[in-house]
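Inspection log for the structure reproduced underneath, given as structure tokens.
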Amino acid sequence: YEVRVEACTVLGCSSSDWSSVLTLEAPPAGQPAPLLDLTSDPPTGLRTSFLLTWSPPAQSNGRILHYEVYRRQSALDTDKTELVLERPFNGDRYMSLENLTVEGGLRWMDNMLCVWAVNSAGYASSPWVSGRTGPAPPQGVGVPVVLDVSATSAVVGISPPAQPNGIVSLFRVFSVDQNNRTLLSEGTSHQQTLHGLRPYTQYWVGVEACTCYQCCSRGPVRELHTLAAPPADQRPPRLITLTSRSVQVEWNEPVAPNGVIDSCELHLRSSCPPPPQPIPSACTEGPTEICFFGKKWSYNVTGLQPYSTYELSVACFNNMGSTASNWTAVSTLSEPPQYVSPFSVDSNLTVIWLDWTGTFSLNGYLKEYTVTESQLRVYTGFYSYLHIPRTSQKSEGAHTKHLDILHDNL
């Protein structure tokens, strides 16, 4: 203030010069509430930042030294008020509050804010204003709990995050294999079923919780073992060596063992059609026999017939069952023909007939049969029988007949 003294008589007045006087400071009064503007945090794009703007107090009652911004979670938490920022007065009336993080559940999203105007005598507090931040990635995502497991599926339980930082709108269950993550299931349920798992396989599974599109957090992983199942996808045996009376084959365990393979069987059967001959013969598929059982991965099958077709199949077992491969066909090599038994001869008044169907074991591809009579060739061909008309000379005495066979090995 400026004061002066004025003295007056009946003849007039006289005044002194003005003299300045300064009253002592008092606390400010009438601090308006700040305005809150929710903005995105540049590094993350999450709406977790407030831009605060405010006006000076209605009565500064001194020189404003600085402004202080306080925060609490609700109007009732008067004992949890904390100083967020202190800013010296330089004419600015705005500031940005970033990364508001408050302990405790969904209340993380609620913030009560006020501004203090401070001078040397005290402060003036604005009314509290409420602001709500956007969601952020949850914190404290736990490991899933395995509730049930089978060979190809599992049921896991999911606990809520320790600090959701919003409304958890999605849970994902994933598996980790080295640096690769595979999504196994997703949804809002706290109990999820994982389908399409491989039997007898170790998985490392974890949970990812999301409160918005960019607000996801993953928890630690845990081990999950699926149960065994019957093996699957057994590949046929492979040929190693082949002779006229044996075949050696090898095989691998099933592509999907689905457990521990403890034994294998090698199955054998004669098959149709047989190797080619000039005149096809009737063929009957033979019974299946087990020629090997054990833990080896190769076997030499012996005791086979030359120039014959066989089929082989492998079946492997674990403690849950077995799987068999498709049949694979092999044909043994040729040998010279073998004499087995005499040919038959019969006749009537007009015809002599010969039949050598069971006389030889061909053991290869037939080139021809030859029948001679008294060193004269009377037949050459592929049939195993012959009808010879009876003549007067042939009826008078016995004649010698001889049968020859010729095939690729002769």
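The values are calculated or read from the model by the stated rules, or taken from the named source; none is laboratory data. This structure is a prediction, so every number in the text was calculated from the model and none was measured. Don't worry about glycine lacking a Cβ; one is built from the backbone with ideal geometry, like all the others, and counts go over all protein chains shown. Each accessible area value is taken on the protein alone, full model and side chains, heavy atoms only, with ligands, DNA and RNA left out. Shrake-Rupley method; radii C 1.70, N 1.55, O 1.52, S 1.80 Å.
Put a dot 7 Å past the Cα of VAL260, heading toward its Cβ, do the same for ALA58, and the two dots end up 8.6 nm apart.
Based on the reciprocal of the average 1/r between different C-alpha atoms, the Kirkwood radius for the chain equals 32.4 Å. In the context of the full protein assembly, THR182 retains an accessible surface of approximately 70 Å², using a probe radius of 1.4 Å and ignoring ligands and nucleic acids.
MET112 contributes an accessible area of around 30 Å² to the protein surface, as traced by a 1.4 Å probe with all chains present. Taking a Cβ cut-off of under 14 Å around CYS316, the surrounding Lys, Arg, Asp and Glu residues balance to a net charge of -2, with basic ones at +1 and acidic ones at -1.
Which of the GluC sites (Glu not before Pro) found in region 197-300 are loop residues per DSSP with 14 or fewer other Cβ atoms within 10 Å of their Cβ? Intermediate results must be reported in sequence, preceding the final value.
Working: sites: GLU208, GLU223, GLU250, GLU265, GLU285, GLU289; in loops: GLU285.
Listed in order of number, the matching sites are GLU285.
Summing charges over neighbours of GLY122, with a neighbour being any other residue whose Cβ is under 15 Å away from its Cβ, gives -1 when K and R count +1 and D and E count -1.
Counting every C-alpha pair in region 131-250, the share spaced more than 24 angstrom apart comes to 43%.
Convert 20 °C to kelvin, take the viscosity as 1.002 mPa s, use the Kirkwood radius over C-alpha pairs of region 168-239 as Rh, and evaluate the Stokes-Einstein diffusion coefficient in µm²/s, rounded to a whole number.
151 µm²/s
Full extension of the chain between LEU38 and TRP18 gives 2.0 nm of extra length, using 0.36 nm per residue less the Cα-Cα distance. Taken over the alpha carbons of region 196-350 as equal point scatterers, the Debye sum produces base-10 log I(q)/I(0) values at 0.19, 0.20 Å⁻¹ of -1.13, -1.19.
Once you have the Cα-Cα distance between SER189 and TRP353, take 0.36 nm times their residue separation minus that, and quote the gain in nm to one decimal.
Values: separation 164, 0.36 × 164 = 59.04 nm, distance 8.85 nm.
Taking SER189 through TRP353 to full extension adds about 50.2 nm, to one decimal.
Could I have the simple spin-label model distance between CYS216 and ASN252, label points 7 Å from Cα toward Cβ, reported in nm to one decimal? For CYS216 paired with ASN252, the spin-label model returns 3.5 nm.
Quick check on the chain: helices-only [θ] at 222 nm, where DSSP H runs of length 4 and up contribute -39,500 (n - 2.57) each and the sum goes over total residues. Nearest 500, please. Walk me through the numbers on the way to the answer.
Values: 1 runs with 5 residues, N = 410.
So the calculated ellipticity at 222 nm is 0 deg cm²/dmol.
Under conditions of 4 °C and 1.567 mPa s, region 306-367 yields 82 µm² s⁻¹ as its translational diffusion coefficient, taking Rh as the Kirkwood radius over Cα pairs in the Stokes-Einstein equation. Let's test the formula: R0 of 30 Å, r as the Cβ-Cβ distance of SER298 and ASN319. What FRET efficiency results, to the nearest 0.05? Plugging the Cβ-Cβ distance into 1/(1 + (r/R0)^6) gives 0.80.
The heavy atoms of THR332 present about 10 square angstrom of accessible area, all protein chains included, probe 1.4 Å. Legend: calculated FRET efficiency, GLN178 to VAL145, from the Cβ-Cβ distance at R0 = 22 Å, rounded to 0.05, equals 0.35. Annotation: for a label point projected 7 angstrom from Cα along Cα→Cβ of LYS367, residues of region 275-312 with backbone N closer than 19 Å are 276-279, 307.
The Rg/Rh ratio for region 152-200, using Cα coordinates for both the radius of gyration and the Kirkwood hydrodynamic radius, is 1.02.
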